Structure formats: structure tokens, C-alpha cells
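Q: Quick one: this structure, given as C-alpha cells, is what I'll be asking you about.
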Amino acid sequence: DVIDVTSITKNGFFTFDPGFMSTASCESSITFIDGDEGVLLHRGYPIEQLAVSSDYLETCYLLLNGELPTPAQKEEFTAEIKKHSAVDPSVANIIKSFKRESHPMAILCSAVAALAAVYNDEIDITDEASRKLTAYRLIGQMPTLSAMVYKHSKGEEFIAPDDSLSYAENYLNMTFGTAGKAPNVSKTIAKAMDRIFVLHADHEQNASTSTVRLSGSSGTNPFAAIAAGISTLWGPAHGGANEAVLKMLEEIGTVENIEACVARAKDKTSGFRLMGFGHRVYKNFDPRAKVMKQTCDEVLAELGLENDPLLAIAKRLEQIALEDPYFISKKLYPNVDFYSGIIMKAIGIPTEMFTVIFALGRAVGWYSHWNEMVSGPYKIGRPRQQYTGSPKRDYPNK
Ligand code: ACO
């Protein structure tokens, strides 16, 4: 018989845990989160230290290999990433075939799935060297694909990757450059972009990473598994929240309207939530949000936008929510998506591209988890269910 919370059948003991509130799906040595204390460690290193002292490619190496690289290892890794940053013309054509108004996440998802078609014959998931090549291709091509998606939406020519630039500069160059003209990217802006990538690099078994693992557990092509992760990330309860935060701040419009917005978020019948607030695991400040807020101040100061009205609304909204008994009692704090959109907007990135940038940064996390899984013994993921349908019945005679 089905029992409310758990069931014991002749095949064993089953737990019923919708939303995986308390079920671990795997063991992992990549990322540690203490949600009560607001701690996030990658391979043991605090995210605050990585955000300030490391850079994205070094963090990628750390996530992939478990240790920080030596200078020689970093140089070799960077060279491999650059070597694999060009996108196959067939994928470029796929991007061009979409209507310009298509959501960038839909195009990115299709483009990464298309990499499965380009490389399928060369991929052997049981071979470490083949998996490494897949990592180089993915991390190398994510900025190129993301920039192409943007260029397509603008109806502009694609810009080829430039090996002389850093990872973040190259992304900004391919996004904002035009043929023969490099954009004016300051060191602060490039550093902020790189930091956004670092802050998004991994976050253990979130919905998109779990999707990549579940999809990959069937032995599928890793690019296909990552395309599934991109689909999951798009939703507003996950990575799509950065886009939703900016739209919410714009809708609020002035500081005077904040109280009404907070009241609406507390009203369960409104169906509205304060975007960029709350987290399944953090019941304290999201440490990424703290770094993001500081970066936001730096970038806006550099650009002379300290008095940006959206920043003022965001700061006041945060303050009001943090003092509100509803948000206090439910332990709802700003998450990584709360301030990232303001930085990206200040850099000139359109709102619909925000989640693409999240995906760009997160690609290494998805890959690292897939790689960790397929490197050891694993089983196909196959959740069970509580059946609530009709009992057995006979098909009616006609
Ligand atoms: N605004 C108002 N109320 C909220 C919010 C919010 N942002 N988030 C949670 N709550 C309330 C819920 O209504 C619920 O109240 P109840 O206990 O009275 O029913 C309680 O807090 C717990 O919320 P759940 O939805 O059960 O928490 P869950 O862990 O399932 O969801 C989530 C977490 C999806 C992040 C949620 O907080 C949310 O929707 N936040 C807004 C979207 C967002 O910012 N997403 C980005 C998350 S970070 C990331 O993916 C990168």
C-alpha cells in the first residue's frame, strides 16, 4: 500500500520527496554549500576569494581538475581553450536560420545541441582524452556562440574569436565589436565580466546541473546533456531570474513604488514573487550576491552611473525586504541574480541576454559534474513515483 511519505515494497524502501527537498542524488567532490551559514566552496576554496583573486579560466581548471593550476598548466589550459574557440560553420548557419526576435536562450540551446551533431563521431565518453577535448570545445566555444546569438539578434556580422584577448575581453569583443573596430573595453569592465563568469561557474546539484547529470546518465552525447541543462536554466525560478529581476526593477520604476511591490510579493494570491530573492539551499545571504553587489558598485562608479535609478531601487528594495517580518521568517535573502542584471545592463548587455551569460559561466560546472559522473561507476537516473491514477480496469466492449 502507498504510505504518505515513504513506502516499502517488495523491491525495497522508497522515499517520496517532490522537488528533491531532502534527497541527495550523488556524491560529489566539486562544490560545497552550507546554506545556513552562507558558505560556498569550490574544491575547498571560498567563492569570495576566487572572485577577487582568481579568474574564470583558472576557476575552470580548478573545477575540472580539483587543484589550482601551476603557471605552466594555466598557460597550456588557456592555449587549449583558445585553440578550440572557433565554431563550425554549420552551427553558425543554424543560428542564422532563426528569426531575429527568437529568445537568445532558445537559440543557444539549439546551438549547443548542434555541437553534439558536429562532434558525435569523435566523442568517446569512456576515454579521458576525448572528454578533455570536449571540455576545451565547450568552454572555448560558449563565448563565441553567446556572442553569435547576440549578433544575430542585432542583424550584425559575427566577429571571430581573437586569441590575443583574455576570455572575458574576447567575449566582449565578439559581442560589441564590429568588423574592423574593437569596442572600448576598460579593465574594470572586463574584470567585472570575468567575475560574473566566476560567480556563475558552479553551484552543485541545482536544477540545471541535476538535469545534465540525469540526461548524461543514459550515456548520451555530453553536448546534448548540456543543451538539456541550458533548457532548465532558462526558467524564471532558476537562471531566468536575472532577466526577471531587471524587468521587475523597471516595472517598479521609482522608489515610492517599492512598498507596493513587496506587499504584492507577500500576497500568495498575487502569484508574484520578489525575483532575485530566496533560494532552496541558502537560508542566509548567498555569498555570490554579496560579491555581485560590490562589483555592481565598482562597475557603476567606473561608468559614472552611481546614481542609476535602478541601482537605487534595488538597494532600497533589498533593505525593505530584509527588514520585513515575512522575508525574515521565511529566510529569504537576495540571491546571485539580484544584482547581476544591473551590472550587465550597465555594460550594455540587453536583458534577454542575461541568462545566456549565466549559461556561459555555468558551462564548466555542468561539464565538471557530467565528467565526475561518467569517470566513475554510475547508474542511469530513474526516479520513482507515487501512482495516483485509476486502478486496473477492462477496456469496454464496443
Ligand atoms: N518572494 C516571495 N515569497 C517567496 C519567495 C520570493 N522570492 N521565494 C520563496 N517565497 C516563499 C514561498 O511562497 C513559500 O512560502 P510558504 O512557505 O508560505 O508557502 C516559502 O517562501 C518557501 O518557498 P518555496 O517556493 O517553497 O521554496 P523553494 O526552495 O521551492 O524555491 C526559489 C526556491 C525557486 C528560488 C524561490 O525562492 C523563488 O521562486 N525565488 C524567486 C526566483 C529566483 O530568484 N530564482 C533564482 C534562484 S537562484 C538561481 O537559480 C541561480
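The values are calculated or read from the model by the stated rules, or taken from the named source; none is laboratory data. Since the model is a prediction, treat every value here as computed from it, not as a measurement. Counting neighbours? That spans all protein chains shown, and the Cβs are built from the backbone with ideal geometry, glycine included.
Q: Answer yes or no as to whether Thr23 is among the polar types (S, T, N, Q) and not in a loop (DSSP other than H, G, I, E, B).
A: Numbers: among the polar types (S, T, N, Q): yes; not in a loop (DSSP other than H, G, I, E, B): no.
So Thr23 does not fit the description; no.
Q: Another one. Which residue pairs have Cβ atoms closer than 7 Å, lie 6 or more positions apart in sequence or on different chains, and pair a first residue in region 262-283 that is among the charged types (D, E, K, R) with a second residue that is part of a helix (DSSP H, G or I)?
A: Arg264/Ser270; Lys266/Tyr326; Arg273/Ala265
Q: Output the residues belonging to region 41-61 that are of a type outside the set (S, T, N, Q) and either surrounded by fewer than 20 Cβ atoms within 10 Å (Cβ to Cβ) or part of a loop (DSSP other than H, G, I, E, B) (or both). Talk me through it step by step, then tell me what you get.
A: So in region 41-61, the residues of a type outside the set (S, T, N, Q) come out as 41-48, 50-52, 55-58, 60-61.
Within region 41-61, Leu41, Arg43, Gly44, Tyr45, Pro46, Glu48, Val52, Asp55, Glu58 meet the criteria.
Q: Step by step: first the residues of region 340-379, then only those that are among the polar types (S, T, N, Q) and in contact with a helix residue (DSSP H, G or I) (Cβ under 7 Å, 6 or more places away or on another chain), then the one that is nearest to Asp286 (Cα to Cα). Which residue is that? Break it down into steps so the answer makes sense when it comes.
A: Here is the first cut: in region 340-379, the residues among the polar types (S, T, N, Q) are 340, 351, 355, 368, 371, 375.
Cutting the leftovers down to in contact with a helix residue (DSSP H, G or I) (Cβ under 7 Å, 6 or more places away or on another chain) gives us 340, 351, 355, 368, 371.
Values: Ser340: 13, Thr351: 22, Thr355: 18, Ser368: 22, Asn371: 26 Å.
Only one residue tops the list, namely Ser340.
Q: Could you give every pair whose Cβ atoms fall below 6 Å, whose first residue belongs to region 13-40 and is surrounded by 14 or more Cβ atoms within 10 Å (Cβ to Cβ), and whose second residue is basic (Lys, Arg), counting only separations of at least 6 or pairs across chains?
A: Filtered contacts from region 13-40: Phe14/Arg384; Gly35/Lys283.
Q: Of all residues in region 319-338, how many are within 12 Å of the ligand (Cβ to nearest atom) and either within 13 Å of Val281 (Cα to Cα) or among the acidic types (Asp, Glu) (or both)? Don't jump to the end; show me each part of the working.
A: Residues of region 319-338 within 12 Å of the ligand (Cβ to nearest atom): 321, 324, 326-338.
Retained after the next criterion (residues that are either within 13 Å of Val281 (Cα to Cα) or among the acidic types (Asp, Glu) (or both)): 324, 330-337.
Final tally of qualifying residues: 9.
Q: Condition first: among the aliphatic types (A, V, I, L, M), without any contact (Cβ under 8 Å) to a residue 24 or more places away in the chain and farther than 21 Å from Thr134 by Cα. Now tell me which residues in region 41-71 satisfy that.
A: Leu41
Q: Which of the residues spanning region 347-378 are among the β-branched types (Val, Ile, Thr) and surrounded by fewer than 24 Cβ atoms within 10 Å (Cβ to Cβ)? Don't jump to the end; show me each part of the working.
A: Taking region 347-378 as the starting set, the residues that turn out to be among the β-branched types (Val, Ile, Thr) are 347, 349, 351, 355-357, 364, 374.
Within region 347-378, Ile347, Ile349, Thr351, Val374 meet the criteria.
Q: Let me spell it out: the conditions are (1) within 24 Å of Asp36 (Cα to Cα); (2) in a helix (DSSP H, G or I), and Thr269 meets all of them except one. Which number is the exception?
A: Result: Thr269 fails condition (1) only.
Q: Quick one: how many residues across region 236-292 are charged (D, E, K, R) and either near the ligand (Cβ under 10 Å from one of its atoms) or at positive phi (or both)?
A: Qualifying residue count, region 236-292: 9.
Q: For region 77-99, does any single residue satisfy the condition of being modelled with pLDDT of 95 or more, aromatic (Phe, Trp, Tyr) and surrounded by fewer than 19 Cβ atoms within 10 Å (Cβ to Cβ)? Explain how you work it out, then say what you get.
A: The initial filter retains those residues of region 77-99 that are modelled with pLDDT of 95 or more, namely 77-99.
Pick out the ones that are also aromatic (Phe, Trp, Tyr) and you get 77, 98.
Still in the list and also surrounded by fewer than 19 Cβ atoms within 10 Å (Cβ to Cβ): 98.
Within region 77-99 (the criterion being modelled with pLDDT of 95 or more, aromatic (Phe, Trp, Tyr) and surrounded by fewer than 19 Cβ atoms within 10 Å (Cβ to Cβ)), the answer is yes, since at least one residue qualifies.
Q: Restricting to region 323-338, name every residue that is over 10 Å from Phe277 (Cα atoms) and assigned to a helix (DSSP H, G or I).
A: Step one: list which residues in region 323-338 are over 10 Å from Phe277 (Cα atoms), which gives 323-326, 328-330.
Correct list: Pro325, Tyr326, Ile328, Ser329.
Q: Would you check if Ser102 is assigned to a loop (DSSP other than H, G, I, E, B), touching a Lys or Arg at 6+ places or on another chain (Cβ under 9 Å) and at pLDDT 95 or above?
A: Values: assigned to a loop (DSSP other than H, G, I, E, B): yes; touching a Lys or Arg at 6+ places or on another chain (Cβ under 9 Å): no; at pLDDT 95 or above: yes.
So Ser102 does not fit the description; no.
Q: Scanning for something among the hydrophobic types (A, V, I, L, M, F, W, C), within 23 Å of the chain's Cα centre (by Cα) and modelled with pLDDT of 95 or more, does region 122-131 turn up at least one residue?
A: Narrowing region 122-131 to residues among the hydrophobic types (A, V, I, L, M, F, W, C): 123, 125, 129.
Filter once more, so that each one left must be within 23 Å of the chain's Cα centre (by Cα): none.
Among the residues of region 122-131, not one is among the hydrophobic types (A, V, I, L, M, F, W, C), within 23 Å of the chain's Cα centre (by Cα) and modelled with pLDDT of 95 or more, which makes the answer no.
Q: Continuing with this model, one more query. Looking only at region 305-314, decide whether some residue is within 13 Å of the ligand (Cβ to nearest atom), assigned to a loop (DSSP other than H, G, I, E, B) and over 29 Å from Thr134 (Cα atoms).
A: Among the residues of region 305-314, not one is within 13 Å of the ligand (Cβ to nearest atom), assigned to a loop (DSSP other than H, G, I, E, B) and over 29 Å from Thr134 (Cα atoms), which makes the answer no.
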